[in-house]
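All remarks here apply to the structure that follows.
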Amino acid sequence: MGEKKLFKRTLVGTTFTVCLAVAGTASALDWLMLQGTEPDGASAPVKVWGFIQANYQKDYSTANAGGAYVPAKLIGPNLNAQSGFTLAHAQVGVRGTGFPLDEHINYFMLLEAGNAATNRSSSGSNGVVVTDASATLNYIKGARVRVGLFKYPGSEEGLQSLVKTDYINFTEGANFLLLERFPNATYTANVGPFTQAQLQNGSNINAFTGTVGGFRDTGVQVFDSFDLGKDWNLSYAAMLGNGSGIEFDNVDGQYDQYLYISAEKNLASTGPANGLKFFAWNQSGQRLADVTNDTVANRKLYDRKRSGLGVKYMAKPYRATFEYITADGMIFEGPDKPSYYFANTANPAGTNNGADAKANAWYLDGGWYIPGTKWELDARYDILDANTGRNDEHKFSKWTLGTQYNINPMAKVTANYEIRTYDCTASSPQCTNADANLKGVGNKFSLQVTAAF
Amino acid sequence: MLKNIRSIFCAIGFFIMSSTALAADASFADYKYVLHISDMDPSKQGLILNNAVNLLEAYPPGAVEIEIVAYGPGLRLMFAQNVNAKRVDSLSQSGVKFSACGNTLKAMTTQLGYEPKLNPVAQVVPGGIVRIGELVKQGYIYVKP
């Protein structure tokens, strides 16, 4: 039995088994319930909320022999400098139950006004964008229905709130495999690398015409959480979406399928945010892409599959997270390679590129809240193995060492230092070319203030 | 003679009934609080329950009597599915009384098209505001957090 089929059967079987259980309340780590529902009998008609994240980042990478830079050596999402201040996120939203006597329907809406990847493309800033707008219908016990644009059920890193994220930048796996960049309508040649002078004169190393997906999709999701007793909850979600991120588009006529299951042990008795969660997820869909450099518009459907599993433990003063991700198809190779070529030389046959490659990634994160203080120490190791088995296979690994000072429950300062190692690992001409740029990828320092309301 | 006997029985019966009724209202508690909730703001639900817990903890067992009266949007605290239902049950077991406004219940039933299901520990009183008045007249300390 295939891995996907086994996952689906397990999910369906388990879901029916627990349907008789009483619907439970959300634990601190149950993002499906926390983001998709409101507390019964205690929700506001309108709750305004949001957050600001302002940061400074400095990249210590060196230019290649020609004095030029690739995206990994520049600060995103603008990708035109190696240091700078930015407003990474400025999000404001409303959520609640429009008619508070009837808890059957709740809504969730969020706008992004910061300098985020969700509102930047090759044409610059798109201004304020809607990243979430959904309504949840809570009429069927065990099968709540959420419709609209929202975070799809998936990886812990993508599903959790940005305010709760313990690091400033994503893991390499999340960035390359999950934070989706969508193919341009036509074949677009690689751009860059660019020298500092070229960047200063307006050369744009992001050649994608669309924004990143932001771990979101538009569609319909059926989900719920069940109280299994002894503080254990089981949550599930099944979603059908356009597969187009925050763009309201389904040009390929295909739908993405998302499955998610998690078991959470509520440890609230030891602290309000404490819990233990085991989770697994699967996504499959298709994307239209033109990967042949032949001046002919010949977009073709490619499979895009992602799956993962992991565990998260939070019981202050300790925190630990592990997640393993596999990817098949549509492997992002960098914002300078919109038609999914890792090497500068395009392959007319459309092979040997990320569109039909495989990849995997994992990360291990640990945190220690120093007792009696507002300080927290964090460390994370993550690794991405992309284009597995190809002659341009590459591995990006990263240590992120960090500290957070929690000013109050709604505000914190985060400092990160990333130690990065980027390698093209195959012994091929493609890797010789790639390593000419990748070997210069250096460490990065980031300092960020988060203020939520 | 028969008339006199009947009168005596009636008097005894009246005395017994009055005593029973008096006993229901009478309390030997040193302190009596009526906590009032009528707000839409969900944070008030947690606050009023915290108030009740703090009062129970502040006095020796039996020294304080607490009644929470809800009307208007505040009645949602006493909905059966309320997220705080377990805390309401726990407080009820500790002796806290919960009174739900009948007028509000009628109005909500009209709006919803069905009667909202209340937590079984909630006693429906004809009017929440009237109940508060009665309790204050009986010497209860009125608090609206």
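Quick one: A:Tyr369 ticks every box in (1) surrounded by 15 or more Cβ atoms within 10 Å (Cβ to Cβ); (2) out of contact with any Pro (no Cβ under 6 Å at 6 or more places or on another chain) bar one, so which box is it?
(2)
Which ranges mark the strands (runs of 3 or more DSSP E) fully within segment A:273-373 that have 2 or more residues being touching a helix residue (DSSP H, G or I) at 6+ places or on another chain (Cβ under 7 Å), more than 30 Å from A:Trp399 (Cβ to Cβ) and at pLDDT 95 or above?
none
Would you pick out the residues in segment B:37-49 that are modelled with pLDDT of 95 or more and at the interface with chain A (Cβ under 10 Å from one of its Cβ atoms)?
If the condition is that a residue be modelled with pLDDT of 95 or more and at the interface with chain A (Cβ under 10 Å from one of its Cβ atoms), then B:Lys44, B:Gln45, B:Gly46 are the ones that fit.
Say we look at segment B:93-120 and pick out the residues that are more than 17 Å from B:Pro73 (Cα to Cα) and in contact (Cβ under 8 Å) with a residue 40 or more places away in the chain; which of these is farthest from the other protein chains (Cβ to nearest Cβ)?
The selected residue is B:Val96.
Please verify whether segment A:135-148 includes one or more residues that are farther than 29 Å from A:Asn274 by Cα, more than 14 Å from chain B (Cβ to nearest Cβ) and in a strand (DSSP E or B).
Checked segment A:135-148: at least one residue is farther than 29 Å from A:Asn274 by Cα, more than 14 Å from chain B (Cβ to nearest Cβ) and in a strand (DSSP E or B).
Look through segment A:38-53, keep the residues that are in a strand (DSSP E or B) and in contact with a Ser or Thr (Cβ under 7 Å, 6 or more places away or on another chain), and return whichever of them is nearest to the other protein chains (Cβ to nearest Cβ).
It comes out as A:Phe51.
In segment B:24-78, which residues are under 30 Å from A:Asp102 (Cα atoms), touching a helix residue (DSSP H, G or I) at 6+ places or on another chain (Cβ under 9 Å) and of a type in the set (Ser, Thr, Tyr)?
Those that are under 30 Å from A:Asp102 (Cα atoms), touching a helix residue (DSSP H, G or I) at 6+ places or on another chain (Cβ under 9 Å) and of a type in the set (Ser, Thr, Tyr): B:Ser38, B:Tyr71.
Sort through B:Val88, B:Val34, B:Val53, B:Val130 and tell me the only one that's away from every other protein chain (no Cβ under 14 Å), β-branched (Val, Ile, Thr) and either more than 15 Å from the chain's Cα centre (by Cα) or within 30 Å of A:Arg95 (Cβ to Cβ) (or both).
Result of the check over B:Val88, B:Val34, B:Val53, B:Val130: B:Val53.
When you scan segment A:54-66, do you find a residue that is within 14 Å of another protein chain (Cβ to nearest Cβ), assigned to a strand (DSSP E or B), surrounded by fewer than 21 Cβ atoms within 10 Å (Cβ to Cβ) and of a type in the set (D, E, K, R), even just one?
No, that holds for no residue.
Within segment A:101-113, how many residues turn out to be crowded, with 19+ Cβ neighbours inside 10 Å and outside any strand (DSSP E or B)?
The qualifying residues number 1.
Under 8 Å between Cβ atoms, which residue pairs at least 6 apart in sequence (or on different chains) link something in segment B:69-92 that is more than 18 Å from B:Val125 (Cβ to Cβ) with a partner that is β-branched (Val, Ile, Thr) and at pLDDT below 95?
B:Val83/A:Thr25
Give A:Lys412, A:Lys439 a once-over and let me know the one that is within 30 Å of A:Pro317 (Cβ to Cβ) and of a type in the set (D, E, K, R).
Only one candidate passes the filter, namely A:Lys412.
I'm told A:Val92 meets every condition in (1) of a type outside the set (D, E, K, R); (2) under 30 Å from B:Ile37 (Cβ atoms); (3) away from chain B (no Cβ under 14 Å); (4) surrounded by 18 or more Cβ atoms within 10 Å (Cβ to Cβ) except one. Can you identify the failing condition by its number?
If we test A:Val92 against (1) of a type outside the set (D, E, K, R); (2) under 30 Å from B:Ile37 (Cβ atoms); (3) away from chain B (no Cβ under 14 Å); (4) surrounded by 18 or more Cβ atoms within 10 Å (Cβ to Cβ), just (4) comes out false.
Given the structure, is A:Ser225 in contact with a helix residue (DSSP H, G or I) (Cβ under 6 Å, 6 or more places away or on another chain), more than 23 Å from A:Ser121 (Cβ to Cβ) and assigned to a strand (DSSP E or B)?
yes
Could you tell me whether any residue of segment B:74-82 is within 14 Å of another protein chain (Cβ to nearest Cβ), surrounded by fewer than 20 Cβ atoms within 10 Å (Cβ to Cβ) and not aromatic (Phe, Trp, Tyr)?
Looking through segment B:74-82, at least one residue is within 14 Å of another protein chain (Cβ to nearest Cβ), surrounded by fewer than 20 Cβ atoms within 10 Å (Cβ to Cβ) and not aromatic (Phe, Trp, Tyr).
Could you say which residue among A:Gly192, A:Gly154, A:Gly148, A:Gly142 is of a type outside the set (Val, Ile, Thr), touching a Cys at 6+ places or on another chain (Cβ under 7 Å) and farther than 22 Å from A:Asn55 by Cβ?
Residue meeting the stated conditions: A:Gly142.
The values are calculated or read from the model by the stated rules, or taken from the named source; none is laboratory data. Since we're looking at a predicted model, the values are computed, not measured. Note that each Cβ is placed from the backbone with ideal geometry, even for glycine, and that neighbours are counted across all protein chains shown.
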